[in-house]
Structure formats: C-alpha cells, structure tokens
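The values are calculated or read from the model by the stated rules, or taken from the named source; none is laboratory data. As the structure is a computational prediction, the values presented were derived from the model and not from experiment. Positions of Cβ are backbone-derived with ideal geometry, glycine not excepted, and every protein chain shown enters the neighbour counts. Each accessible area value is taken on the protein alone, full model and side chains, heavy atoms only, with ligands, DNA and RNA left out. Shrake-Rupley method; radii C 1.70, N 1.55, O 1.52, S 1.80 Å.
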Amino acid sequence: MQYTGHGGKPLVERVITDKAEAKKKIAGLKTMPASRQMATEAIGIAYGFFSPIEGFMKKADVETTCKKMELTDGTIWSIPIVYDISDAEIAQYGLKVGDSVLLTYDGNPLAIFDIEEIYTYDKESMAQDVYGTKEEKHPGVKRTYNYKDKFLGGKITLVNEPKVREPFTPYFLTPRQHRQKFAEKNWIKIVAHQTRNVPHSGHEWLMKHAYIAAHGDSPVEQMETMGKAISGILVNCIVGEKRVGDYIDEAIVLTQDELRKSGYFRADIHMVTMTFWDMRYAGPREAVHHSIIRTNLGLTHHMFGRDHAGVGTYYHSYQAHHLLMSIPKEKLNITPIYVLEWAYCPHCGEVTCIGLCGHWKELQKFSGTKIRSIIMDEVKPTRLIFRPEVFDVVMEASKKYGFGSPFVTQEYLQKAKPAFSIEPL
Amino acid sequence: MAETYPINIWINEERFNSLQNAGLGKLLKEELAGMKVLIVPCTAEQRDKVLQLFPMAKYDAATTKSIELLPKKVKDQIYDMVVKKKSLDVMDDFIKLVEKG
Ligand SMILES: [Zn+2]
C-alpha cells in the first residue's frame, strides 16, 4: 500500500530489503564511513521519517528552508538535513558530483549516497535563521558550527537495516509500520505526545488533555468497550544525542510504556514508540519539524505544551504555538493541540490545568528540576505526582542501563551502547 | 539571612518519622501534594563553596532557585548533621568537614 506523507506527497521509502540485491547494488562502489549523526539521519531519510525528502538536502533547499521555512517546491520545512564533509575527506575518498558512494557504519554497509552536489553554506547565517541566535552555547548552534566546511547533497538508499538493541527493539517502528499498527488498532484519530522525559502526572495529564480534545467530536460508545477505541495516544520518544543530566533513553521509553502496563492508560488507547532524531533544541522550528515527522508516522493530532523543544531562555514558553498557528492548515496535515501547563493545587486537592483553577497563589508547579531532585534523593514521590510503578521502573533502569543513575553521566556517554548498530550485510 | 541559596533534601517516610520524633518536624516544608522537604539554607559564599567542592552540582537560578544535582550521599551527610545539631545552620560545619577530607 502506498501511504501519503507530509506535503501530501507519497511517503518516501528508499530501502533495499533484499540482501542479494543490496550486495549487487553496492558492488564496486567507493566506500566512506558515516558519523553517528549522519548515519542516524540517513536511516531517518530512507524510512520516510523526513518525507518528502529523499536524501541529504542540496543548497537551494537549505537556503529556502533557512530563509522561508520551506523546500524549493513550497513544502513546509524547518530544519536543514545536511551531510557535512571536509575538503580533506573529499580528497581522501575522491568524491565528485555524479558519484554514488557506499556509506558505512560500524564498518558495515549502510546506504548508497548519490552525490548530486558539493557545496558550502554560511554556518552563522544558517544558525541565525534556524535557531534565532548565533550564540554557540545554544546546542543546535554548536552542532551547526561543528559541521565541517562542505556539504554533500543527494539521494539516500538504505541497503542494510539497523539492528536496534534491547530494550529499544520493540519500540522502533518505521513510518510504514506505524501506519500498519494504527490500522490494526482501528485508530482513526491519533494524537502525538513528543517526549524526552520520564513522565510525572503533569505529563500524564497533558496526554489525557490532548486525547480528550482530539476525540471530542467522535462518538463515545467505542470508548466504553475495551478494544473498541477509535482514538489513540502515540507517545513517540526521541532517541538520539544525549547531554549530561538528561534522562537516559532506556528510562524514558520504559517508564512511558509503564503508564499503560500499569493501567493509567487503557491498553487499546495508548502506545509507545521511538524515533531516532538528535534534538536540535530549535524551539518553534523544531516543533514544526516534529509535526512533519508525526505526519509521516500517520498521526492526525499533535500535542504541544510549554517550551516545546526549547533550551535556556532562547524562546518564549509558547513561541512554538505561535509559529504553528501562522502555518496555513493545508500546508501541515496534522492538527496541533495546544495545552497549558498542569499543576498540583492543594486547594482542589488534585492535579489541574493552571488555566482552569483559580487558586493561582497556591499552585505547586511540576518543575523538572524538582522531580529530578526527588528521584536523585531516591524518595518515592506521592502517587498524585509520580506513579509508584513509574518510579520503580526508573530505579530499575538506572541500575540496569544507567550505571547507577537514571540521568546521563560521563560514564553513560562513554560506556552505553548506541541504540542501533549496523551488522555485516 | 536575606537571600538564601538552599539545598533541598527530600524526606522519605522513615526519615519523616524520625524527624517528628526528634521534634524537628517544624523544619520541614510541604511540596507537591504532601511531599516533605528539608530546606537547608546557604549564603552566597556557602553556595559558591559547595559548587566548587562538588562540580557536578548546579545552582538552578531559573526555576527552583536552589542548589541541585548534589549526589545522594552528600545530601545524606548534610541531613545527618541537621539531625545531630537539631538545626538547619550546618553548612559552615559541613564545608569544613569536606575540606578536611
Ligand atoms: Zn485549585
């Protein structure tokens, strides 16, 4: 079945699954190793997470992405997907326009890269356009400045599918597999919850809020019977480059899943998957990018809360909402659901939306830092704030995968195995 | 102390009971649906010293306005000193203890 992706274009799938055919196609090609960053993005391109993009972007597309937030054909696009390379590497591998090279990863074949263009781009101007700042302490800007001096543009074809390690294996689904799962579940309305967090009940309520909003004009009868739901929540965890102090990805994926396993969400309305993507912390532009990815996964709605994909004080709390609101509906085929913060109100005795309850002075807000501090002190929080089963999973993940910490440490960065590997073909 | 830069020590049930029994329950504050926290004040000098002695720690100026990310065993030591001294005024003693090694 041919699916439709972002921009109303066919979902991109550039993957050779037949090993014999793959071997034939790569025979005699020049080879070049890809960095983890570039391999991650090549995989994303090939499976169609970034549809309609079929390869690493050429200069004209980068330029319109930066300046107008669209591709040269007018499709909304917010973050350049580029392959950086140095002059020394170009000489070393003898690369020229028109070449097809075999990208390798872990020393094994990964993808065929048809080099259609070799170009330069002003990195400061790219940073300013995408991130709204040139400050190197912004992690996305830093990544941009770290790009080598040239870029390669051209199509990508995956010849060897990644092997995703435990405990991530069951959570990695391609866009096609996402859509097949949704069809099995008979989900018609599916709302995305973007996360790189272990969930406290504030997060849980963001999801419930978005679910209720998305489901609002549908018949409720289906919801009465387990297994008949026609709307679902897809928690799509972003797995990629980590910074010290982030939650480890294992804890994120497993705790999100625990919310359903422990019944906080019914089994037929909730599902957890992951997408490989290095967070750029581009705030509003990253929110647009997340919408594009989730459109490609086949979702109909996307929850956006406070400070979506932001960092430091570069963006206002709800700047992402405003950028999304400025995009014409027909250009982004997913309905955003804008959600205010939820907090604990001691007066109401419950977790409530801060836009509903009038006891503003009494509200106890969920601060990520506070929750981290509680977890680090190994104190089991009250169940209204943090589900006990989720806490237990955090502690287990910390021992099993985090070298004793649920947060990324230098040790984790050095010793944790990458989430995917490329095996011999 | 005009402005303080506190260390928050979250208290589990067992510690809560022993603080109550020692008559120190009044030192605790309630947050997030009834969680108990011991807020140990620091002056600006003490804060800087703590951050220097424990480089993994951070002063969170944006949200909590407190010293965060101190390892549990460091906080355990501070907690023990509070209980022993029956007072929150322990940071000078604590810093001296750490500096002595
Ligand atoms: Zn209230």
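Worth pointing out:
- Per residue, the average separation of C-alpha pairs within less than 8 Å and at least 6 apart gives chain A a relative contact order of 18 percent.
- With every protein chain in place, the protein assembly as shown: carbon and sulfur % of accessible area (1.4 Å): 52
- Amide hydrogen neighbours beyond the local backbone of residue A:56, cut-off 5 Å, H modeled: A:154, A:156
- Distance between segment B:1-52 and segment A:17-86 - C-alpha centres, whole angstrom: 52
- Segment A:1-137 - convex hull of alpha carbons, volume per residue in Å³: 129
- Taking N as its residue count, the alpha carbon Rg of segment A:238-332 over 2.2 N^0.38 Å: 1.19
- Residue of A:45, A:334, A:371 that the Gaussian network model of chain A assigns the largest fluctuation, springs spanning Cα pairs under 10 Å: A:371
- Segment A:53-80 residues near the modelled residue A:116 label - backbone nitrogen below 16 Å, point 7 Å along Cα→Cβ: A:53-65, A:71-75
- For residue B:48, solvent-accessible area (1.4 Å; no DNA, RNA or ligand), Å²: 80
- Summary value for segment A:1-143: 22 percent relative contact order, contacts being C-alpha pairs under 8 angstrom separated by 6+ residues.
- Using alpha carbons only: equivalent-ellipsoid semi-axes of chain B, gyration tensor based, whole Å: 21, 16, 12
- Solvent exposure of chain B as accessible area per residue, Å², 1.4 Å probe: 54
- Members of segment B:27-52 that become less accessible by 20 Å² or more once partner protein chains are added (1.4 angstrom probe, chain alone as reference): B:31, B:32, B:33, B:35
- Taken over segment A:10-73, the ratio of Cα radius of gyration to 2.2 N^0.38 Å equals 1.34.
- Solvent-accessible heavy-atom area per residue, rounded to whole Å², over chain A at 1.4 Å: 41
- Heavy atoms of chains A and B lose about 1600 Å² of accessible surface on contact, summed over both sides with a 1.4 Å probe.
- Among the residues of segment A:370-388, those with an accessible-area drop of 20 Å² or more from chain alone to full protein complex, heavy atoms and 1.4 Å probe, are A:370, A:373, A:374, A:376, A:377, A:378, A:379, A:382, A:385.
- Chain A - mean residue ellipticity at 222 nm from DSSP helices (-39,500 (n - 2.57) per run, n ≥ 4, rounded to 500): -10000 deg cm²/dmol
- 3J(HN,Hα) from dihedral phi, segment B:85-101, Karplus parametrisation 6.51/-1.76/1.60, rounded to Hz, x for glycine, proline: 7, 6, 7, 8, 8, 10, 5, 4, 4, 5, 4, 4, 4, 5, 5, 5, x
- According to the Kirkwood relation over distinct C-alpha pairs, the hydrodynamic radius of the protein assembly as shown is 25.1 Å.
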